[in-house]
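The values are calculated or read from the model by the stated rules, or taken from the named source; none is laboratory data. Everything numeric in this text was worked out from a predicted model, so none of it was measured. Note: ideal-geometry Cβ built from the backbone for every residue, glycine included; neighbour counts use all protein chains shown. Side chains are part of the model used for accessible areas, which takes the heavy atoms of the whole protein and leaves out ligands, DNA and RNA. Shrake-Rupley method; radii C 1.70, N 1.55, O 1.52, S 1.80 Å.
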Amino acid sequence: MIYRSLVRALITSAALAAGVLLTGCNSDEISLATNAKANQPVPPKLIADMTAKDMDLNSPILVRLFKQEAELEVWKQDRSGRFALLKTYPICRWSGDLGPKVREGDRQAPEGFYNISPAQMNPQSAYYLSFNTGYPNAFDKALGRSGSQLMVHGDCSSRGCYAMTDEQIAEIYSLGRESFFGGQRAFQLQAYPFKMTPINMAKHRSNPNMPFWKMIKEGYDHFEVTRQEPKVDFCERKYVFDAIKAPNATREPVFDASAKCPAYAIPEEVADAVREKQQADATETAKLISKGTPVARVNTGIDGGMNKVFAARVPDGNTGLSEGGDGQGLSLLSLARAPGTIPSHVNPPRAPSDNLLLGAPEEPKLAAVPAAPAPAPTRVANAAPNAQNDGFFSSLARKVGLGGSADATASTPPPAKPKVIEAKRAEPPRAEAAAPKTSAPKPDTKQAASRPPLKPSVSDTPAAAPAPAASQVAGSAPIISSNSFDSRFGAMK
């Protein structure tokens, strides 16, 4: 397994060289295929972790992001078909506040569910390597939200993105690349304000974003109880998870983010497990509130957060809106090895203002939800490009002979014993009065060439081992080869 990437790289180089001689291959495509940053192999230590957790190098992945914890989790499907945690990466920098992105220029890092296709992977990023989150998705568009080029990238610098070190993004990028070679059409990215636990829900109970957070918590709970990638749909300006055809229906339900929800069902075993978890969480949250759990304090004038591992190594470093920023703890952490190179230009969050208010709710930056959705049908942000935009992954897969048809890896929930969900109107998340549009921030003039060409891999403590599973999960996606990848070279950071 360790030598698989090297062998494939050699085969790919030979195939591309032959293509140049025979057909005059595009020079840009050749340069991307030989891009040293984008083709770094998965580190041997991480491959050893996969072996120990019964995972294949090319099996599907899933990514979860948490602002308050300043952590990025990479989950990977094991041979039973369930997803298990492979590795947790501390986030070097994220910007904005807890809460979803609303408009262009608000510096908010997005929250919600997004799909990352090969077209969103950018090997020529000015921020070492990057991939586009796909914001805005159909839900965001139905609410009139705006923004573009929201990335997960290197360079530890954020203006609405999730920024890692160069070494970290190289490793994460390689995991995504290998999953595409295994046949995954797109991997799911779930972005949250914090881990959706009873204590966090109790602390943030007065936050005006709570209706939105409770809605995406349902998807969080679906993943927690099934360890399967939840199927995501949108209707009536809300998220719907793991929907299937209702009993006696003649066709599959058709969802539109701005339209009334169709009749649909959720597999009974999934619905029951989620309901049981939600009831337990609600009981625990109420208990914590009754015991006097304080409301999260207002941190005036702070823009985003930084994991304490990085804040400890930055002059005047502060974790901002992330957890764990006391001076003594940071001084002790400064002796530990940093998970990557922290650039000299890193801009840590500002220190808390003197007027911190305990017991007062946070005041996230919100803009209004429009009174009515746009009449035009919305287009999902991660939709596959047209046939003529057939780029690097497509041609590479064909030349190397990876064969096979590519199916989405999101597992379709088993159709047994569905519960019918009646279509009914749901109120959209609460928001303030409309804010004037602001112009997009000036594009960064840094050139990709100014970045170092290669970074060593990161070596962190291993993630917790997955729960044991005896057999293949019903409905889980097998690992397949693919020769139908989308182009990945858009105008990205």
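Tabulated data for the structure shown
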{"quantity": "Subset tally (residues that are assigned to a helix (DSSP H, G or I), touching a Leu at 6+ places or on another chain (Cβ under 9 Å) and in contact (Cβ under 8 Å) with a residue 60 or more places away in the chain) for the stretch 42-57", "calculated": "2"}
{"quantity": "All strands (runs of 3 or more DSSP E) inside the stretch 210-267 with 1 or more residues being among the β-branched types (Val, Ile, Thr) and touching a Gly at 6+ places or on another chain (Cβ under 8 Å)", "calculated": "232-235"}
{"quantity": "Contacts under 6 angstrom Cβ, first residue in the stretch 89-100 being within 14 Å of residue 348 (Cα to Cα), partner β-branched (Val, Ile, Thr) and buried (at least 24 other Cβ atoms within 10 Å of the Cβ), 6 or more apart", "calculated": "92/165"}
{"quantity": "Residues of the stretch 136-170 classified as β-branched (Val, Ile, Thr), farther than 30 Å from residue 240 by Cα and in contact with a helix residue (DSSP H, G or I) (Cβ under 9 Å, 6 or more places away or on another chain), total", "calculated": "1"}
{"quantity": "Test result for residue 97, touching a Ser or Thr at 6+ places or on another chain (Cβ under 9 Å), in a loop (DSSP other than H, G, I, E, B) and open to solvent by 10 Å² or more (accessible area, probe 1.4 Å)", "calculated": "no"}
{"quantity": "Residue 263 vs. criteria farther than 23 Å from residue 64 by Cα, in contact with a Phe, Trp or Tyr (Cβ under 7 Å, 6 or more places away or on another chain) and in contact (Cβ under 8 Å) with a residue 40 or more places away in the chain", "calculated": "no"}
{"quantity": "Residues located in the stretch 178-212, provided they are within 30 Å of residue 123 (Cβ to Cβ) and either modelled with pLDDT under 95 or open to solvent by 10 Å² or more (accessible area, probe 1.4 Å) (or both)", "calculated": "181, 185, 186"}
{"quantity": "Residue list for the stretch 100-124, restricted to those being in a loop (DSSP other than H, G, I, E, B), farther than 24 Å from residue 205 by Cβ and open to solvent by less than 10 Å² (accessible area, probe 1.4 Å)", "calculated": "117, 123"}
{"quantity": "All positions within the stretch 135-177 that are closer than 14 Å to residue 457 by Cβ and of a type in the set (Asp, Glu)", "calculated": "166, 167, 171"}
{"quantity": "Hits in the stretch 279-293 - residues which are open to solvent by less than 60 Å² (accessible area, probe 1.4 Å) and in contact with a Lys or Arg (Cβ under 7 Å, 6 or more places away or on another chain)", "calculated": "293"}
{"quantity": "Output for the stretch 248-275, where each listed residue is under 22 Å from residue 226 (Cα atoms) and surrounded by fewer than 17 Cβ atoms within 10 Å (Cβ to Cβ)", "calculated": "268, 269, 272, 273, 275"}
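Yes/no per residue for (1) in a strand (DSSP E or B); (2) over 15 Å from residue 189 (Cα atoms):
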residue: 73; (1), (2): yes, no
residue: 145; (1), (2): no, yes
residue: 158; (1), (2): no, yes
residue: 176; (1), (2): no, no
